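The values are calculated or read from the model by the stated rules, or taken from the named source; none is laboratory data. Computed from a prediction, not measured in an experiment: that's the story for all the values here. Positions of Cβ are generated from backbone atoms using ideal geometry, with glycine treated the same way; all protein chains shown enter the neighbour counts.
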Amino acid sequence: MATDTALETFPTFPNFFGLTFLMNFILIYVVIFVVALLFISAYFSPGAIGMAKELWQKKISLRTMHEYGKYFYWRFLGVSILLALITIGIYAVLIGISSLPFFITRQPVWLLLLILGILIAFFLVLFFILAPLCLVAENLGIRRSISRSCQIVRKNYFSLLGLVILFMLMMGGAGMITNIIPFTGWIGSLASLLVFQPVLTIALMLFVLDRMQGKKLR
């Protein structure tokens, strides 16, 4: 009887090992993908921001993409990594603290506190969102660009919040529409990558340049 029980439970070990291997593989893949995305974005994002800056100055050239990408590469990569760590830290701390009552009591009502923690984290992260654009727009260092972002956002918080929410709703709406229609989900992803994100970059850059003129920083 004991032997039969042991034989029945034995096949679970390969399955457990396979599941663990799959989860580790997915985790490694995600880490590699995010790191690769940071390195690639550090070249193309300054170029896109530089072109948005030239658009403000009524001139634009495709050479700007390469020139800005090459000039700001390492600083942009540094500020991107630092902002990723700051964002993860803020969300980890606030979600960890706000979720404690729920995990201790198992009462669904405490989920409201968890949602509140996520919202507070989002509102705090917003202070750093302009750092990469300030870095390129004013040719700043990493620490100074983060400080400048906090300064601009503090003076224009609700204007920026409205702009970000508007684009989030637009991207979410496009994603919902394409997901409803069969075989068109990739269109929403493509539109987000090629339309909404570049337009958001331009809008945020124009926002920064407008505030740099001192209209709302004085």
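Taking the stated definitions as given, is G89 assigned to a helix (DSSP H, G or I), out of contact with any helix residue (DSSP H, G or I) (no Cβ under 9 Å at 6 or more places or on another chain), within 24 Å of I165 (Cβ to Cβ) and not charged (D, E, K, R)?
Here the answer is yes, as G89 does meet what is asked.
For A92, indicate whether it is more than 19 Å from L200 (Cα to Cα), among the small types (G, A, S) and at pLDDT 90 or above.
Yes, satisfied.
If A36 satisfies every condition in (1) surrounded by 13 or more Cβ atoms within 10 Å (Cβ to Cβ); (2) over 21 Å from M205 (Cβ atoms); (3) among the small types (G, A, S) but one, which is the exception?
Here A36 clears every test but (1).
G69 - would you say it is in a helix (DSSP H, G or I), under 27 Å from A121 (Cβ atoms) and at pLDDT 80 or above?
Criteria not met by G69.
Is there any pair linking a residue in the stretch 92-104 that is over 9 Å from L114 (Cβ atoms) to one that is surrounded by 14 or more Cβ atoms within 10 Å (Cβ to Cβ), with Cβ under 7 Å and at least six apart or on different chains, and which?
L94/G117; L94/I120; L94/A121; I97/G117
Tell me, please, whether a residue that is more than 17 Å from T201 (Cβ to Cβ), among the basic types (K, R), in contact with a Leu (Cβ under 6 Å, 6 or more places away or on another chain) and assigned to a helix (DSSP H, G or I) can be found in the stretch 136-146.
No, there is no match, as no residue in the stretch 136-146 is more than 17 Å from T201 (Cβ to Cβ), among the basic types (K, R), in contact with a Leu (Cβ under 6 Å, 6 or more places away or on another chain) and assigned to a helix (DSSP H, G or I).
Yes or no, residue by residue, for (1) out of contact with any Lys or Arg (no Cβ under 9 Å at 6 or more places or on another chain); (2) over 22 Å from F39 (Cα atoms):
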{"position": "E67", "(1), (2)": "yes, no"}
{"position": "I88", "(1), (2)": "yes, no"}
{"position": "F123", "(1), (2)": "yes, yes"}
{"position": "L140", "(1), (2)": "no, no"}
